[in-house]
Amino acid sequence: MVNIKIKLQILILFMFISCGKSSKDVASSTENDQNFYFSSREGDLYRIPLIEPIQVISTNGIGSNWILELPYQQVKNKKNIEVSSVSIVDSLIIVYSKSTYFPGTMTEAWLLINTKAKTENVYQIRSDYENRLTEIGIKEPQLRDVNQLYLEFKQTLKLRW
């Protein structure tokens with residue numbers, strides 16, 4: 001009977017250890033959270049961190065396509081958008097895409113991601129985009145070329161907005 005209790009206790013102890021995170025795993029995840037803004041690579045991806053957890057990524061880096069996954073999935077028929085240039089004003093991420101596919105058309109587009117309100121709005125007409133910026137009090141944001149932005153971030157690990 002004592003032998004069965006000991007085996008049962010060892011089994012329960014093993015289950016607790018294997019199901020919980022080790023202190024090494026906890027330290028590792030904390031380091032990753034802190035490193036969101038301080039790493040230009042994540043595995044095989046090149047990355048530009050915007051506002052955590054939103055980032056622009058590329059599989060090839062400079063000169064290739066840079067993609068932003070839409071964090072709130074509010075744009076119909078779009079999960080991501082190609083990024084040509086980007087800017088951040090307070091909690092607003094502003095993206096310009098020279099070439100975006102929408103059903104039936106390939107066009108340029110402007111995307112506004114409000115991280116506080118958790119909204120995404122896409123504009124295919126420049127005047128509509130500019131009118132929206134005026135409505136929310138933003139005058140001519142400085143959109144920065146994504147390749148130049150990546151080079152700057154890779155060298156300095158800082159982004160100037």
**OP:** Counting only residues that are basic (Lys, Arg), give me the strands (runs of 3 or more DSSP E) lying completely in the range 78-161 with at least 1 of them.
**Re:** 92-102
Subject >> Flag for Ile62 being β-branched (Val, Ile, Thr), at pLDDT below 95 and out of contact with any His (no Cβ under 7 Å at 6 or more places or on another chain) >> reply: yes
Original post:
Is it the case that Thr119 is under 16 Å from the mean Cα position of the chain (by Cα) and either more than 15 Å from Leu50 (Cα to Cα) or exposed (fewer than 13 other Cβ atoms within 10 Å of the Cβ) (or both)?
Top reply: yes
Original post:
Does the range 34-69 hold any residues that are within 16 Å of Phe153 (Cα to Cα) and of a type in the set (A, V, I, L, M), and which are they?
Top reply: Leu45, Ile48, Leu50, Ile51, Ile54, Val56, Ile57, Ile62
**OP:** Identify the single condition in (1) modelled with pLDDT of 95 or more; (2) farther than 17 Å from Pro141 by Cβ that Gln34 does not satisfy, given that it satisfies every other one.
**Re:** (1)
Subject >> Candidate set from the range 39-61 (those that are in a loop (DSSP other than H, G, I, E, B) and β-branched (Val, Ile, Thr)); member that is farthest from Leu92 (Cα to Cα) >> reply: Thr59
Original post:
Which of the residues that make up the range 137-160 are surrounded by 12 or more Cβ atoms within 10 Å (Cβ to Cβ) and either more than 23 Å from Ser64 (Cβ to Cβ) or in contact (Cβ under 8 Å) with a residue 60 or more places away in the chain (or both)?
Top reply: Ile138, Pro141, Asp145, Val146, Asn147, Leu149, Tyr150, Leu151, Phe153, Lys154, Leu157, Leu159
Subject >> Qualifying positions in the range 54-89 - exposed (fewer than 13 other Cβ atoms within 10 Å of the Cβ) and more than 23 Å from Ile125 (Cβ to Cβ) >> reply: Thr59, Asn60, Gly63, Ser64
Original post:
Restricting the search to the range 74-89, which residues are in contact (Cβ under 8 Å) with a residue 24 or more places away in the chain and either within 19 Å of Leu151 (Cα to Cα) or over 13 Å from the mean Cα position of the chain (by Cα) (or both)?
Top reply: Gln74, Val75, Asn77, Lys78, Val83, Ser84, Ser85, Val86, Ser87, Ile88, Val89
Original post:
Pro71 fails exactly one of the following numbered conditions: (1) under 13 Å from the mean Cα position of the chain (by Cα); (2) in a strand (DSSP E or B); (3) farther than 12 Å from Val146 by Cα. What is the number of that condition?
Top reply: (2)
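The values are calculated or read from the model by the stated rules, or taken from the named source; none is laboratory data. Remember, it's a predicted structure, so these values are computed and weren't measured experimentally. Please note: Cβ atoms are built from the backbone with ideal geometry, for glycine as well, and neighbour counts cover all protein chains shown.
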